[in-house]
Amino acid sequence: MLILSSPDIRIENGVIAEMGEGLAPLPGEEVIDARGLLALPGGIDVHTHMDLDVGFTRSSDSFFTGTRAAACGGTTTIVDHPAFGPAGCSLHHQIDAYHELAADAVIDYGFHGVVQRVDDGILAEIPALMEAGVTSFKFYMTYDRRLKAPQILQLLQAARALGALPMVHCEDHEMLTALREELVREGHTQPIYHAKSRPADCEARAVKEMLALAAQAENAPLYIVHVSTKGGIEAIADYRAAGGRIYAETCPQYLTLDESLYEREDGLNFILSPPLRRAEDREALLAAIEAGVVDVVGTDHCPFTTEQRKRGADNFTLCPNGLPGVELRFNLLYSELVASGRVKLERFTDLVSTNPAKLFGLYPQKGVLAVGSDADLVLFDPGETWTVTRDLLHENVDYTPYEGMRLQGRVRATIARGETVYKDGVFTGQPGRGRFIRRRKSHV
Ligand code: URP
Ligand code: ZN
Ligand code: ZN
């Protein structure tokens, strides 16, 4: 395949074989005329929850439907967060389970390990998992399977010694539990109280506690997922400025939506954790993106249909948590960040592809357009303006939080290892063509 762009890109056997100006087509070679479009590295979304088992239901996208949606939105690789496993299970347990679930993925994928307790057996499993291509490990400061400070310290030290990247969901569990119980006791069960039960300070406190633990673990590297607050991101910026090895992720929903949505009739559709925030948080996150403090924008894609969400109709605490977003990340961020003039195209590419590839051991196989790299790319029209509606999307969920949003720029085609999997509104991939990628250690 030869893509005419600037530079031209020749693809052979799923890999970029040649790049240069004025390449001539070979006999019989497929030629895609992408002049006038941007050819960009395929998106890498390192925060998805496909087929997430939350006990009473599962997120509504399977690996097939979720990666189909990802492909249609310009994402060519995901790294998924498996659900918690049964109490007492090994670290391998959920990776094995999710390998089976992901067999019909459309695009390449990897997994983060999920650490729900720390003991000698769990720590001893990490080297074998790293050998098998799982080099990052997520833990939570809230939910039933959260880790406490002594366990976190042990994990950070072990990860540091092995070159694994620990990842953490930061919310202060004691604070949010107390607030939630008080609100429910007082009869405050509408969706807006989800946000009030998990205020900004709840995240900022947890982030500060985590940073103190990382410092105590001799400056262990740490990746903080879905940072949503001014307090959280400012603490991260200060820690990094003082030499801390900290990496920060935020998500499109925290850059484009706010907590006023919980007051709408369909407020349940916006319940996720951490919750949507206020304008001052959104502005601080956007400023941190401009300043280079945010390294990655992942989606935390975790859809539940309006039917599934009705469980929380009389009490927000019963609503499954999480928003859809995997299909719109590339388009939303280009519009919000590049078309708006906030950041240059190179910074956008770093946030959606190159940095995640480097941090999660995929680079330079992925995350860059270079000879020898996988031919994962997006052909993007920066001139098109369009309006998001649910019926344009391929996610297996009956609404989008971004309904009616006017966007500048649009993915026209997605090429994954040299195969066109999306073109002009139509999915052209196949279930099962995605491969599990054995990731190496973090590049940082
Ligand atoms: O509400 C969310 N974000 N659900 C997915 C699990 C998590 O905490 O990331
Ligand atoms: Zn989380
Ligand atoms: Zn998540």
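Just a few scattered comments:
- Selection within segment 91-120: residues that are closer than 24 Å to residue 152 by Cβ and loosely packed, with under 14 Cβ neighbours inside 10 Å. The member of this set that is nearest to the chain's Cα centre (by Cα) is 119.
- Subset of segment 39-71 [assigned to a strand (DSSP E or B) and either surrounded by fewer than 19 Cβ atoms within 10 Å (Cβ to Cβ) or within 16 Å of ligand 2 (Cβ to nearest atom) (or both)]: 45, 46, 47, 48, 53, 58
- Put simply, of 147, 123 the only residue that is part of a helix (DSSP H, G or I) and surrounded by fewer than 21 Cβ atoms within 10 Å (Cβ to Cβ) is 123.
- Matching entry among 349, 420, 428, 400 (being in contact with a Lys or Arg (Cβ under 7 Å, 6 or more places away or on another chain) and either within 30 Å of residue 271 (Cβ to Cβ) or at pLDDT 95 or above (or both)): 400
- Only residues that are among the small types (Gly, Ala, Ser) and within 25 Å of the chain's Cα centre (by Cα) were counted in segment 22-61, giving 6.
- Pick from segment 160-171, criterion among the small types (Gly, Ala, Ser) and over 21 Å from the mean Cα position of the chain (by Cα), ranking: farthest from ligand 2 (Cβ to nearest atom): 161
- For segment 214-236, the set of residues classified as assigned to a helix (DSSP H, G or I), surrounded by 19 or more Cβ atoms within 10 Å (Cβ to Cβ) and touching a residue at least 40 places away in the same chain (Cβ under 8 Å) consists of 214, 230, 232, 233, 236, listed by residue number.
- Test for residue 274: is it farther than 30 Å from residue 157 by Cβ, modelled with pLDDT of 95 or more and surrounded by 17 or more Cβ atoms within 10 Å (Cβ to Cβ): no
- Complete set of residues in segment 63-90 that are more than 16 Å from ligand 1 (Cβ to nearest atom) and more than 15 Å from the chain's Cα centre (by Cα): 64, 65, 68, 72, 86, 87, 88, 89, 90
- Residue pairs meeting the criteria (Cβ under 8 Å; at least 6 apart or on separate chains; first in contact (Cβ under 8 Å) with a residue 12 or more places away in the chain and farther than 14 Å from residue 72 by Cβ, in segment 379-399; second among the β-branched types (Val, Ile, Thr) and loosely packed, with under 14 Cβ neighbours inside 10 Å): 398/306; 399/306
- Candidates 338, 368, 343 - the one that is farther than 23 Å from residue 105 by Cα, assigned to a loop (DSSP other than H, G, I, E, B) and among the aliphatic types (A, V, I, L, M): 343
- Residue tally, condition of a type in the set (Phe, Trp, Tyr) and more than 16 Å from residue 325 (Cβ to Cβ), over segment 399-417: 0
- Residues (more than 14 Å from residue 287 (Cα to Cα) and more than 15 Å from ligand 1 (Cβ to nearest atom)) located in segment 239-260: 239, 240, 241, 242, 243, 244, 245, 246, 247, 258, 260
- Within segment 426-444, the residues that satisfy the criterion of being loosely packed, with under 15 Cβ neighbours inside 10 Å, in contact (Cβ under 8 Å) with a residue 12 or more places away in the chain and within 12 Å of residue 68 (Cα to Cα) are 430, 432.
- Every residue from segment 102-116 that is among the small types (Gly, Ala, Ser), in contact with a Ser or Thr (Cβ under 8 Å, 6 or more places away or on another chain) and either under 16 Å from residue 132 (Cβ atoms) or in a strand (DSSP E or B) (or both): 110, 113
The values are calculated or read from the model by the stated rules, or taken from the named source; none is laboratory data. None of these values were measured; they are calculated from a predicted model. Backbone-built Cβ (ideal geometry, glycine too); neighbour counts: all protein chains shown.
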